[in-house]
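Notes follow the structure.
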Amino acid sequence: MSHPADGGGPSGASLPADEGGPLDRSGPADGRGPSDASGPAGDGWVRELHRIALAAHRVAMRHPHVVPLLATRLLSTPLARRPAAVLRSDERVLALLHDAGFDEERTVALHRAFTAWLLGYLLVELRAMDDDPAEPDPAFRLGLHRISARELPRLRAVAVVLAERGGPSGLAAGLDALLDRFR
């Protein structure tokens with residue numbers, strides 16, 4: 001399901017929204033997170049950030065065009081002109097972290113780290129890797145014959161593994177490593 005962005009202008013795109021996902025317009029009217037967000041020492045905020053990240057991953061896998069759109073629009077669109085769904089998503093995360101007991105500086109730092117990790121992970125997860133998708137042999141499917149073994153030996157050595165998607169488990173593991181720095 002798509003919701004048109006409010007306001008027109010350069011950010012006037014339609015963005016998919018999944019119930020409970022990062023672009024979901026439902027939820028408490030004040031944009032606040034769940035009441036079990038139990039403070040910096042508790043895990044409620046961590047569980048909620050995981051839920052948000054996994055919902056974003058599901059949306060990105062179903063609508064791969066959304067991630068580059070969000071990433072580029074966030075760079076080029078002033079805060080007040082971003083789609084309402086994106087602003088509400090930011091508000092929800094900021095409120096969750098504030099309600100969990102983080103001060104303003106830590107809330108902003110964690111919001112930035114979370115957003116950067118999530119968008120970065122999704123961009124890597126969705127990048128094109130196959131040179132010839134119909135080719136059954138991984139080396140030829142990836143086009144390794146086009147990459148110089150002398151100039152790029154490490155890239156060639158790990159290309160098959162690099163082409164595998166990390167999926168939700170890779171997202172969760174990386175997010176845990178990031179969030180551990182804020183506990």
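The values are calculated or read from the model by the stated rules, or taken from the named source; none is laboratory data. Quick caveat: nothing in here was measured; it's all calculated off a predicted structure. Note: ideal-geometry Cβ built from the backbone for every residue, glycine included; neighbour counts use all protein chains shown. Calculation scope for accessible area: heavy atoms of the full protein, side chains included, ligands and nucleic acids excluded. Shrake-Rupley method; radii C 1.70, N 1.55, O 1.52, S 1.80 Å.
Leu144 falls short of the stated requirement of being open to solvent by less than 70 Å² (accessible area, probe 1.4 Å), of a type in the set (A, V, I, L, M) and in contact with a Pro (Cβ under 6 Å, 6 or more places away or on another chain). Return a yes/no flag: does the stretch 160-179 have any residue that is hydroxyl-bearing (Ser, Thr, Tyr), under 30 Å from Glu91 (Cβ atoms) and either open to solvent by 80 Å² or more (accessible area, probe 1.4 Å) or not in a helix (DSSP H, G or I) (or both). Yes, the stretch 160-179 has at least one match. Close contacts from the stretch 115-143, counting a first residue that is under 13 Å from Glu164 (Cα atoms) and touching a residue at least 40 places away in the same chain (Cβ under 8 Å) and a second that is open to solvent by 40 Å² or more (accessible area, probe 1.4 Å) and not polar (S, T, N, Q), with Cβ to Cβ under 6 Å and a gap of 6+ residues or different chains, come to Glu125/Arg165; Leu126/Pro64. Of all the residues that make up the stretch 38-66, how many are small (Gly, Ala, Ser) and open to solvent by 60 Å² or more (accessible area, probe 1.4 Å)? Residues that pass the stated criteria total 2. Could you grab me the full set of residues in the stretch 80-110 that are small (Gly, Ala, Ser) and either in contact with a Gly (Cβ under 7 Å, 6 or more places away or on another chain) or surrounded by 19 or more Cβ atoms within 10 Å (Cβ to Cβ) (or both)? Those that are small (Gly, Ala, Ser) and either in contact with a Gly (Cβ under 7 Å, 6 or more places away or on another chain) or surrounded by 19 or more Cβ atoms within 10 Å (Cβ to Cβ) (or both): Ala85, Ser89, Ala95, Ala100, Gly101. Of the residues making up the stretch 67-79, those that are surrounded by 15 or more Cβ atoms within 10 Å (Cβ to Cβ) and in contact with a helix residue (DSSP H, G or I) (Cβ under 6 Å, 6 or more places away or on another chain) are Val67, Arg73, Thr77.
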